[in-house]
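S.K.: Handing you this structure, nothing more for now.
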Amino acid sequence: MNRRTFLTAATVAGASALVAPIASAAVPARRDASGNRIKLGIDNFAVRAWGWKGRELVDYAAGLKLDTLFITDLAGLGSSETSAAAELRKYAADKGVEILLGSWSICPTSKSFKKDWGTAEEHLSLGLRLSKAVGSPAFRVVLGSRDDRRTPGGIEARIADTVKVLKACRNQALDLGVKVSVENHAGDMTADELITLIEGAGREFVGANMDSGNAAWTLEDPLDSLEKLGPYAITTSLRDSRIWQTDKGCKVQWTAMGDGGCVDLNRYFDRYAQLCPGVAVNIETIGGFAVEFPYYQDSFWEAFPKKSAVEFSRFLAVARRGQAMDQYDGGDKQRQRDELEKSLRFCRESLGLGLKS
């Protein structure tokens, strides 16, 4: 059976399951497997248009009564000096906010790699030192993007190159007590591929930054991705997604939490609570645009030569639940803020997340 025949003939169960509507009253606090409430925070990329740095970001997070602030670009600190990072740590602690830190590609052969912070090893080393200073137990990095799946050697070669960089900084990470969380980012790696990277580098100092929205960009049901990556998760950047079928395949549009209509978020966070004890939920809304995945075209599969029919059929089940939605200017400052704050309300009132009322 070829892919087109499979896609046309596949019988998909559970197509009617939808996300429960926002509750009219706050639900009980959700607790993890250790009996603790789950921290709630934001990824600063969600409000990138505002250009906030350092204390501005802390003030915003504190004003929203958040538990964590995930600054996922080094420039967001406002300074690359460890002394300044230590001062920001104290400022945030006084306001009851825990800072997590991250940056971008550490794969020297990725199309996404930039030399803004030196070599890949220098970039990672700096991030580890700044994470220690700012009080972050982990430093988030990425491999690249979905474009790397079509580079010479494919994603496997890029994974191997990233593992080399990670191993070069292993001793530093262990000495500092800071782990490296690698994200499934912009369609670069499936959950299985990210696990291969983590295990290859060394699980004693490398884990996952789990992104539920990016799972859809590798044709994975976010629930399947959670089942695989949850035990490896150190940090998160989470959002909801709308997925719907098209003549060419499907489209994926990221949404505010609760607006996707394709993933049962209560079920998702029931499993999250079991699989990710102690891991904060950081919301990273990125809305406004839809990306098409033309999986009816044979050439599309050159980027996913090992995708299993079972995994893909589960993704198709999610896609069949969705309906097309309007697109808008995702770079609009107020729209970014509105979507993020709407998501946080949903997380508190419908999902029972967060330590603070």
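The values are calculated or read from the model by the stated rules, or taken from the named source; none is laboratory data. Remember, it's a predicted structure, so these values are computed and weren't measured experimentally. All Cβ positions, glycine included, derive from the backbone under ideal geometry; neighbour counts span all protein chains shown.
S.K.: Which of the residues that make up the stretch 322-335 are more than 18 Å from VAL263 (Cα to Cα) and surrounded by fewer than 16 Cβ atoms within 10 Å (Cβ to Cβ)?
M.R.: Listed by number, the residues that qualify are ASP326, GLN327, TYR328, ASP329, GLY331, ASP332, LYS333, GLN334.
S.K.: Another question about this same structure. Among the candidates VAL206, VAL281, VAL291, which residue alone is surrounded by fewer than 21 Cβ atoms within 10 Å (Cβ to Cβ) and either free of Cβ contacts under 8 Å to residues at least 12 places away in the same chain or among the β-branched types (Val, Ile, Thr) (or both)?
M.R.: VAL291
S.K.: A further question follows. Filter the stretch 336-357 down to residues that are charged (D, E, K, R) and at pLDDT 95 or above and give me whichever is surrounded by the most Cβ atoms within 10 Å (Cβ to Cβ).
M.R.: GLU339
S.K.: Here's a check for you: in the stretch 135-155, which residue that is closer than 20 Å to GLY54 by Cβ and without any contact (Cβ under 8 Å) to a residue 60 or more places away in the chain is farthest from the chain's Cα centre (by Cα)? Show your work before the answer.
M.R.: Our first condition is that a residue be closer than 20 Å to GLY54 by Cβ; within the stretch 135-155, this holds for 135-140.
In the following step, the residues that additionally are without any contact (Cβ under 8 Å) to a residue 60 or more places away in the chain were identified as 135-136, 139.
Working: GLY135: 21, SER136: 17, PHE139: 14 Å.
Step by step, filter the stretch 135-155, then rank; the result is GLY135.
S.K.: Looking at GLY230, GLY258, can you tell me which residue is surrounded by fewer than 24 Cβ atoms within 10 Å (Cβ to Cβ), touching a residue at least 24 places away in the same chain (Cβ under 8 Å) and in a loop (DSSP other than H, G, I, E, B)?
M.R.: GLY258
S.K.: Going by the structure shown, is THR190 surrounded by fewer than 24 Cβ atoms within 10 Å (Cβ to Cβ) and either at positive phi or of a type in the set (S, T, N, Q) (or both)?
M.R.: Judged against the criteria, THR190 is not a match.
S.K.: Further question: Could you figure out which of (1) in a strand (DSSP E or B); (2) touching a Leu at 6+ places or on another chain (Cβ under 9 Å); (3) free of Cβ contacts under 8 Å to residues at least 60 places away in the same chain; (4) not hydrophobic (A, V, I, L, M, F, W, C) isn't true of THR235?
M.R.: Going through the list (1) in a strand (DSSP E or B); (2) touching a Leu at 6+ places or on another chain (Cβ under 9 Å); (3) free of Cβ contacts under 8 Å to residues at least 60 places away in the same chain; (4) not hydrophobic (A, V, I, L, M, F, W, C), THR235 breaks only (3).
S.K.: Taking the stretch 212-233, which residues are touching a Pro at 6+ places or on another chain (Cβ under 6 Å) and either more than 16 Å from VAL310 (Cα to Cα) or of a type in the set (Asp, Glu) (or both)?
M.R.: Scanning the stretch 212-233 gives a single hit, SER212.
S.K.: Please go through the stretch 261-288 and pick out each residue that is of a type in the set (A, V, I, L, M) and part of a loop (DSSP other than H, G, I, E, B).
M.R.: VAL263, VAL279, ALA280, ILE286
S.K.: Could you tell me which residue of the stretch 119-147 is surrounded by the most Cβ atoms within 10 Å (Cβ to Cβ), considering only residues that are of a type in the set (S, T, N, Q) and over 18 Å from SER237 (Cα atoms)?
M.R.: SER125
S.K.: I need the full set of residues from the stretch 162-179 which are touching a helix residue (DSSP H, G or I) at 6+ places or on another chain (Cβ under 6 Å) and among the aliphatic types (A, V, I, L, M), in order please.
M.R.: Residues satisfying the conditions are VAL163, VAL165, LEU166, ALA168, ALA173, LEU176, VAL178.
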